[in-house]
Amino acid sequence: MNKSSVPYRHLRNFLRNIAGDNMSDLLSARNKINRIDEEMIKLFEERMDAVFEVANYKREVGLPIEDTTRENLIIAENTKKVKNPDYRPYYNDFLKNNISISKAYQKRIVSGASIAVNGSLGAFADITASKVFSGASIEPFSDFTDAYNAASDGKCDYAFLPLENSFGGDVGAVLDLAFFGDLYINGIFEAEIVQNLLAKKDTDIKNIKTVLSHPQALLQCASFIKEYKFETEETANTAIAAKKVFESNDNTVASIGSKELAKRFDLKILKEHINESNSNTTRFAVFSRSRKEPSDNDNRFILTFTVKNTAGALSKAISVIGEYRFNLLTLKSRPNKISNWNYYFYVEGEGNINSENGKNMIHSLKACCEDLKIVGSYEKEVKVKSV
């Protein structure tokens, strides 16, 4: 019906006469909502401008989009501030939707980021990096140094490299890069590694004689391999092993790797979770050319340093960390590769070294250490879903 028609005007006037003051109240409320919506449009654009800055920062220093712990804290704390308890569940939904929109926009911005990893696409490093940085471009390199240098030279935005495995131990080459290189660590991610026995779809486990995989994966599954009396063959990574099985016409060979590799190469999982340890976890570090801005929430730090080859030099450095009430979580020594029997030390600690107390601790360490380097500080370690 045309709003300018006579019948419509009569109907509108008729309804107004019936509604009386209620219609006036309704129009007033709607006008108020319209004014508020106008203000919210401005605030929304301001908020998204800030989200853009956050996304660029995360991209620059290699931080993930997802931070579930912080998101839940924001939602809980802000919902409490709503005075009317009837509104709180709706405001809770409002915040969740806001955060979801922000993350979607951040992902669009960060998806242009490139991450250097060691190994082939489909290997554990690739799978884990893809989960941490959704939508980013993963660039595989043949060894840790090449991946590190790709980030250092600017070919990639950052490198995503393993520091240690809970079963296999330290990745010494990456610790060396942290000491000798010029990149910063802006976050640590723990990924539970689940190994599986993979083979061609028309194969049975009783036919398998040889298993292929990366040396670490073979080590992690040593008991299983021994139980079935399999021969082993080492490959550069688990993805290459799976590809070899896929391309082979030999039904006596299998590979060890992730469920994602089974999907990628159309293989059958003959046996799940064959690794010896039920808590087989690898810690990955994000290396970036820029150091993350210090935050009051930072509670982890990584340092490397050398000390003079004199009695008590190392114990003095360790005591300085304790004197300033920082908790020493990890202390590792590695050859400095400059002179025989001289070492550098890799330290991970708990506490905020960006605080005044932390700055004083660093100042005191400089007095007793040589080549002291703040490799990075970050809020906490982030757990990644099983890969």
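Data table
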| item | result |
| --- | --- |
| Dipole in debye (nearest 20) - the range 235-373, about Cα centre, beta carbon charges: Lys, Arg +1; Asp, Glu -1 | 300 debye |
| Order by protection proxy (mean Cβ within 10 Å, highest first), peptides 263-270, 65-72 | 263-270, 65-72 |
| Under 5 Å, built H, 5+ apart or other chain: amide partners of Lys271 | Leu197 |
| Cross-link reach list, aspartates and glutamates versus Lys81, counting only Cα pairs under 18 Å and skipping chain neighbours closer than eight places | Glu71, Asp93 |
| Greater than 19 Å apart at Cα, pairs in Lys229/Lys271; Lys259/Lys385; Lys131/Lys332; Lys201/Lys244 | Lys131/Lys332 |
| Under the span-like rule (Cα at least 27 Å along the axis, Kyte-Doolittle mean at least -1.0), DSSP H helices of the chain | 21-61, 88-110 |
| Label point distance in nm, Phe44-Asn327, each placed 7 Å from Cα along Cα→Cβ | 4.4 nm |
| Exposure proxy order (Cβ contacts within 10 Å, fewest to most) of Arg289, Arg35 | Arg35, Arg289 |
| 20 Å Cα-Cα reach of Lys200 towards aspartates and glutamates, excluding residues that sit fewer than 8 places from it in its own chain | Glu231, Glu233, Glu234, Glu247, Asp250, Glu260, Asp266, Glu272 |
| Cβ-defined net charge surrounding Lys103, 14 Å radius [Lys, Arg +1; Asp, Glu -1] | +4 |
| Ranking of His214, His363 by count of other Cβ atoms within 10 Å, fewest first | His363, His214 |
| Trypsin sites (Lys or Arg not before Pro) restricted to DSSP loop in the range 334-387 with at most 13 other C-beta within 10 Å | Lys337, Lys385 |
| DSSP beta bridges in the chain [antiparallel fraction, %, rounded to 5] | 70 percent |
| Check: the chain dipole with +1 on Lys, Arg Cβ and -1 on Asp, Glu Cβ, in debye | 1120 debye |
| Two-site FRET efficiency, Thr252 against Trp341, from Cβ-Cβ distance with R₀ of 45 Å, rounded to 0.05 | 0.40 |
| Answer label for Rg/Rh (Cα atoms, Kirkwood Rh) (calculated), chosen among (1) 1.37; (2) 1.02; (3) 1.15 | (3) |
| Charge dipole magnitude, Cβ of K and R +1, D and E -1 - the range 196-271, Cα centre, debye nearest 20 | 220 debye |
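Since every read-out is calculated from the coordinates, none of them should be taken as a lab result. This one's a predicted model, so the numbers in the text were calculated from it and none came from an experiment. A quick note on method: Cβ atoms are made from the backbone with ideal geometry, for glycine too, and the neighbour counts reach across all protein chains shown.
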